[in-house]
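Encoded as structure tokens, the structure appears first; notes follow it.
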Amino acid sequence: MVRMENNSSPNCYSRLLPIFLIGGLIFFFGFSIGSRHGANLYSSEVIGNVDFAPYWKTWNVLNDKFVSGSSTAAVSGQDRVWQSIVGLAKSYDDPYTVFFPPKETKLFEASISGNFEGVGMEIGMRDDIVTVISPLKGTPADRAGMMPGDQIIRIDGESTNQFTVSDAVQRIRGERGTSVILTILREDVDEPLEISIVRDVITMPSIDTELRDDGIFLIQLYNFTGQSQKQFKKALKEFADSGADKLILDLRGNPGGFLDAAVDMTSWFLPKGKVIVSEDFGDPETIHHLRSKGHELPVEDFKMVILIDGGSASASEILAGALSEHGVATLIGEQSFGKGSVQQVVNITSDTSLKVTIARWLTPNGVSISHDGITPDIEVSFDMEDLEAGEDPQLDRAIEFVNEK
């Protein structure tokens with residue numbers, strides 16, 4: 001699942017966090033030139049230092065000679081163009097750079113809206129394996145027992161060995177009431193597990209709050225959306241009105257969301273102008289610093305813990321990293337996911353789109369979030385035995401920490 005900013009402009013560039021061009025334009029340029037040359041497509045035409053002759057020769061050989069072994073309809077010329085661009089995007093060997101043909105673009109836009117049919121979990125690539133970042137609370141994936149870090153090796157019996165994130169999403173998502181069988185590898189479990197999940201309509205949760213009897217205020221944030229910003233502000237007002245001076249922010253299983261939401265929420269805890277995160281575009285001279293807006297939190301002298309785990313990704317890592325490095329909060333739990341790259345969505349045509357990685361995130365101290373993620377100050381594991389026993393050692397340690405003098 002990914003996020004993008006709402007914008008009515010068909011050519012908008014939307015910045016993404018979670019946890020999917022010129023290259024495309026070059027391809028279209030080559031396509032138009034080749035088409036105009038007609039019978040001369042076999043020539044060694046070089047465009048922009050790229051020789052498109054092998055491509056056009058392959059195109060025409062397939063056109064002239066291919067005979068399908070099945071009764072399915074022939075692939076249209078336009079579908080071959082779309083799949084060519086899919087392959088072009090794959091050639092960059094980045095799981096988050098993906099071209100979406102018309103059908104996939106509709107699915108992508110549905111996931112952005114936060115209301116769609118499927119199983120309800122965030123997936124990404126880790127070590128070239130389709131991996132669960134986090135199941136969303138109360139969804140079919142959550143009820144079926146999917147866990148952060150589960151490696152999906154087969155979907156309905158089909159190996160995911162050569163899959164991109166987009167390939168996996170297309171096969172896992174489906175109509176309400178239908179089923180999908182996921183074969184997974186799970187840490188500390190010797191044999192692969194087969195989990196059957198019945199798809200349903202997915203409505204994304206946002207935030208929960210609780211004032212405990214011991215005076216600790218809990219905020220559990222499930223994602224970073226435009227609505228999350230308003231609800232987070234309301235939750236902080238509840239915290240202020242409660243009179244509590246101990247705050248636990250639970251970002252476990254939070255896969256991220258809007259960049260603006262992450263910056264806005266972090267701004268409640270940092271003075272105006274403090275660096276929250278930096279965007280590294282591959283050139284030291286073009287690093288862009290995103291700074292706190294300096295919102296006024298009506299609470300002073302409170303102790304704060306942030307809970308993170310392997311399902312905390314993207315915007316969660318930005319907030320946790322910033323508040324940890326600025327000395328505002330102590331991080332407890334497990335290593336975060338490590339989704340530290342920036343994507344933009346480009347509408348290639350009115351019904352196709354390209355999601356492309358354009359930068360990587362750095363914490364205020366210049367540490368890259370990608371791959372390794374954020375390391376908690378106090379490491380506490382949470383395993384299957386804890387889950388089955390109804391125990392939460394990470395939350396227990398957080399409560400113990402904020403109660404320490």
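The values are calculated or read from the model by the stated rules, or taken from the named source; none is laboratory data. Computed from a predicted model, the values in this text were never measured in an experiment. Cβ coordinates were reconstructed from backbone atoms using ideal geometry, including for glycine residues, and neighbour counts include every protein chain displayed.
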What do you reckon, is D156 touching a strand residue (DSSP E or B) at 6+ places or on another chain (Cβ under 7 Å), acidic (D, E) and in the same structural domain as I181 (by TED's automatic domain parsing)?
yes
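Residue-wise test of (1) among the aromatic types (F, W, Y); (2) within 23 Å of G257 (Cα to Cα); (3) more than 25 Å from the chain's Cα centre (by Cα).
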residue: S324; (1), (2), (3): no, yes, no
residue: T330; (1), (2), (3): no, yes, no
residue: Q344; (1), (2), (3): no, yes, no
residue: F382; (1), (2), (3): yes, no, no
residue: E404; (1), (2), (3): no, no, yes
Does the stretch 301-308 contain any residue that is touching a Gly at 6+ places or on another chain (Cβ under 6 Å), more than 25 Å from V165 (Cβ to Cβ) and in a strand (DSSP E or B)?
yes
Hey, among I22, I33, which residue is touching a strand residue (DSSP E or B) at 6+ places or on another chain (Cβ under 8 Å), at pLDDT below 55 and surrounded by fewer than 16 Cβ atoms within 10 Å (Cβ to Cβ)?
I33
Positions within the stretch 144-175 being of a type in the set (K, R) and modelled with pLDDT under 95, in sequence order
R171, R173
Given L297, L323, which one is buried (at least 18 other Cβ atoms within 10 Å of the Cβ) and either assigned by TED's automatic domain parsing to the domain that holds I399 or basic (K, R) (or both)?
L323
Being out of contact with any Ser or Thr (no Cβ under 9 Å at 6 or more places or on another chain), hydrophobic (A, V, I, L, M, F, W, C), buried (at least 16 other Cβ atoms within 10 Å of the Cβ) and in a strand (DSSP E or B), is that true of even one residue in the stretch 327-344?
yes
Does any residue of the stretch 312-320 turn out to be surrounded by fewer than 21 Cβ atoms within 10 Å (Cβ to Cβ), not in a helix (DSSP H, G or I) and not hydroxyl-bearing (S, T, Y)?
no
Go through the stretch 75-102 and report how many residues are assigned to a loop (DSSP other than H, G, I, E, B) and either acidic (D, E) or loosely packed, with under 11 Cβ neighbours inside 10 Å (or both).
4
